[in-house]
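The values are calculated or read from the model by the stated rules, or taken from the named source; none is laboratory data. Since this is a predicted model, take the numbers as computed values, not measurements. Here the Cβ is made from the backbone with ideal geometry for all residues, glycine too, and neighbour counts use every protein chain on show. With ligands, DNA and RNA removed, areas are computed over all heavy atoms of the protein, side chains included. Shrake-Rupley method; radii C 1.70, N 1.55, O 1.52, S 1.80 Å.
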Amino acid sequence: MFALSWKTAEYPSWAISDNKSTEIVLETQCSDRKWTLTDQASTSNDCTAANEGIVACGDMASDLSLSGKPVPDNNYACVSITDAKSAQSIVDLESRLLISVRCLPAVTTQKIEGEDVNVDYIKASVVPYSVATRKVERYSLADKAPAMNNKVCDSDS
């Protein structure tokens with residue numbers, strides 16, 4: 001199971017302000033690894049400068065390309081998101097998203113402070129994942145990211 005979450009501020013067409021958004025966070029059940037997807041409008045960094053659209057770049061020490069080799073540099077887009085209209089910014093996304101994953105974790109668990117920690121993420125695929133999202137009003141009861149139950153992750157059972 002995985003979850004996507006982000007916040008947007010949408011203004012009417014007559015307003016002086018442009019629509020804004022936070023980064024998109026992609027998290028996977030049972031894993032401590034979170035992907036933060038950004039676009040050039042929300043964050044200007046080496047990853048967004050080197051790639052078009054909504055992306056998260058891999059880490060040469062942690063990620064492999066689909067061929068199983070280390071990613072060539074830290075600006076290699078491992079995860080990207082768009083929609084049916086090929087949106088290039090988070091504020092332009094519609095409710096049905098296409099998530100492309102082009103990397104594999106080099107290892108699925110790491111020892112952190114003597115404990116095994118899962119750092120796996122959703123499986124790479126040449127075909128994008130198609131997911132539906134829902135919009136909720138800010139400060140409503142539904143205004144929180146979906147909670148994932150990590151009880152299924154315990155290896156002791």
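Rounded if a/c is under 1.5, else prolate if a/b beats b/c, else oblate: with a ≥ b ≥ c from the C-alpha gyration tensor eigenvalues square-rooted, which is region 79-157?
Values: a/c = 2.67, a/b = 1.42, b/c = 1.88.
In terms of gyration-tensor shape, oblate.
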Charges at C-beta only: +1 for Lys and Arg, -1 for Asp and Glu. How large is the resulting dipole of region 26-157 about its Cα centre, in Debye rounded to 20? 440
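Counting other Cβ atoms within 10 Å, which trypsin sites (Lys or Arg not before Pro) in region 1-77 have at most 14 and lie in a DSSP loop?
Values: sites: LYS7, LYS20, ARG33, LYS34; in loops: LYS7, ARG33.
Those that pass, being in a loop and sparsely packed, are LYS7.
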What helix-only [θ] at 222 nm does the chain give? Using -39500 (n - 2.57) per DSSP H run of at least 4, over all residues, to the nearest 500, the answer is -500 deg cm²/dmol
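Quick check: at a probe of 1.4 Å, how many percent of the accessible area of region 79-126 sits on carbon and sulfur atoms?
48
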Out-of-range pairs (alpha-carbon distance over 20 Å; input LYS7/LYS135; LYS69/LYS123; LYS20/LYS123; LYS20/LYS144; LYS34/LYS85; LYS20/LYS135): LYS20/LYS123; LYS34/LYS85
Net charge near THR108, counting Lys/Arg +1 and Asp/Glu -1 over other residues with Cβ under 13 Å of its Cβ? -1
Please identify the longest segment of the chain free of exposed chymotrypsin sites (Phe, Trp or Tyr not before Pro), where exposed means a DSSP state other than H, G, I, E or B and no more than 16 other Cβ atoms within 10 Å. 15-138
Rounded if a/c is under 1.5, else prolate if a/b beats b/c, else oblate: with a ≥ b ≥ c from the C-alpha gyration tensor eigenvalues square-rooted, which is the chain? oblate
Could you identify which residue out of ASP63, ASP39, ASP116 has the top mean-square fluctuation in a GNM of the chain using Cα springs shorter than 10 Å? ASP116
Which of the trypsin sites (Lys or Arg not before Pro) found in region 70-145 are in a DSSP loop and have at most 14 neighbouring Cβ atoms, other than their own, within 10 Å? LYS85, LYS123, ARG134, LYS135, ARG138, LYS144
Per residue, how much accessible surface does region 1-116 expose to a 1.4 Å probe? Answer in Å², no decimals. 59
